[in-house]
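The values are calculated or read from the model by the stated rules, or taken from the named source; none is laboratory data. All values derive from a computational prediction rather than experimental measurement. So basically every Cβ, Gly included, is an ideal-geometry build from the backbone, and we count neighbours across all protein chains shown. These accessible areas exclude ligands, DNA and RNA; they are computed on the full protein's heavy atoms, side chains included. Shrake-Rupley method; radii C 1.70, N 1.55, O 1.52, S 1.80 Å.
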Amino acid sequence: GAGVSQSPSNKVTEKGKDVELRCDPISGHTALYWYRQSLGQGLEFLIYFQGNSAPDKSGLPSDRFSAERTGGSVSTLTIQRTQQEDSAVYLCASSPRTPPTQYFGPGTRLLVL
Amino acid sequence: EDKVVQSPLSLVVHEGDTVTLNCSYEVTNFRSLLWYKQEKKAPTFLFMLTSSGIEKKSGRLSSILDKKELSSILNITATQTGDSAIYLCAVEALGGNMLTFGGGTRLMVKP
């Protein structure tokens with residue numbers, strides 16, 4: 001079956017512009033996660049959605065970052081007024097309720113000039 | 001705060017060598033430890049470990065968890081160039097909402 005998909009695969013933007021990154025999780029997976037991986041760094045948790053519960057936003061680095069998940073499926077991560085330090089690969093993962101193994105999408109490589 | 005540390009940071013070996021990658025963790029209410037292989041952008045799942053001392057094996061890869069030492073190792077025998085990747089270790093806490101990842105070990109296997 002189809003895995004997690006993300007779009008765009010690459011995004012180049014200018015400092016100060018807003019960007020939207022999209023994630024389509026595996027059908028039927030109730031949990032959805034966003035991570036960020038900066039060059040040479042490990043994965044950094046950003047936000048987590050589980051069903052209809054309020055999202056866990058504890059990993060968002062600033063109020064310029066927000067995410068929503070519509071209809072319990074597709075998710076959009078929005079970064080407002082992008083900064084150069086936002087340049088990274090943004091990974092989305094989804095997981096069934098059990099087991100908790102996360103399945104990752106191919107990521108979006110964001111470059112802020 | 002949950003913490004995961006992997007070692008070594010990087011490793012260069014030749015085909016046929018055996019490698020051991022280490023992962024140590026500090027987590028409140030440990031639930032599971034997972035290993036991922038990351039070749040390009042997206043990590044792919046390798047193993048999930050929940051019980052101490054039980055080896056999980058898949059082909060040339062194997063992994064074991066030691067809850068007493070708060071650590072896990074990932075072994076790769078008879079390495080091949082296709083094993084070149086970043087290997088990530090992550091831990092999940094009971095009732096937690098996300099995985100905490102280590103910094104990864106970059107493995108390069110030379111022909």
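What the table below lists for this structure:
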{"read-out": "Per-residue ³J(HN,Hα) for segment B:65-81, Karplus 6.51 cos²θ - 1.76 cosθ + 1.60, θ = phi - 60°, Hz, x for Gly and Pro", "value": "10, 10, 5, 5, 8, 6, 8, 8, 10, 10, 9, 10, 9, 6, 4, 10, 4"}
{"read-out": "Accessible surface, 1.4 Å probe, highest first, among residues B:His14, A:His29", "value": "B:His14, A:His29"}
{"read-out": "Within chain A, percent of DSSP bridges classed antiparallel, to nearest 5", "value": "90 percent"}
{"read-out": "All lysines inside 22 Å of B:Lys56 as judged from Cα atoms, apart from same-chain residues fewer than 8 positions distant", "value": "B:Lys37, B:Lys67, B:Lys68"}
{"read-out": "Distance between modelled label sites at B:Ala78 and A:Thr78, nm, 7 Å Cα→Cβ extension", "value": "5.4 nm"}
{"read-out": "Segment A:29-46 residues near the modelled B:Asn29 label - backbone nitrogen below 15 Å, point 7 Å along Cα→Cβ", "value": "none"}
{"read-out": "HN-Hα J in Hz across segment A:78-95 - Karplus 6.51, -1.76, 1.60, θ = phi - 60°, x for Gly and Pro", "value": "10, 10, 9, 6, 4, 10, 4, 6, 7, 4, 4, 9, 9, 10, 10, 9, 10, 8"}
{"read-out": "Segment B:3-110: C-alpha gyration tensor shape, a/c 1.5 cut-off, then a/b vs b/c", "value": "prolate"}
{"read-out": "Cα→Cβ-extended label distance, 7 Å offset, between A:Thr70 and B:Lys68, nm", "value": "5.5 nm"}
{"read-out": "Cut-off under 5 Å, modelled amide H: who pairs with B:Phe30 long-range", "value": "B:Leu94"}
{"read-out": "Shape category assigned to segment A:5-112 from the gyration tensor of Cα positions, a/c cut at 1.5", "value": "prolate"}
{"read-out": "From phi via Karplus (6.51, -1.76, 1.60), per-residue ³J(HN,Hα) for segment A:22-38 in Hz, x at Gly/Pro", "value": "10, 9, 10, x, 5, 4, x, 6, 8, 9, 9, 10, 10, 10, 10, 10, 7"}
{"read-out": "For A:43-49, mean number of other protein chain Cβ atoms within 10 Å", "value": "4"}
{"read-out": "Neighbouring partner chain Cβ atoms per residue of B:24-34, average, 10 Å criterion", "value": "1"}
{"read-out": "In segment B:12-111, the GluC sites (Glu not before Pro) that fall in loop regions by DSSP, at most 16 other Cβ within 10 Å", "value": "B:Glu15, B:Glu39, B:Glu55, B:Glu69"}
{"read-out": "Separation between Cα centres of segment A:5-83 and segment B:13-63, rounded to whole Å", "value": "26 Å"}
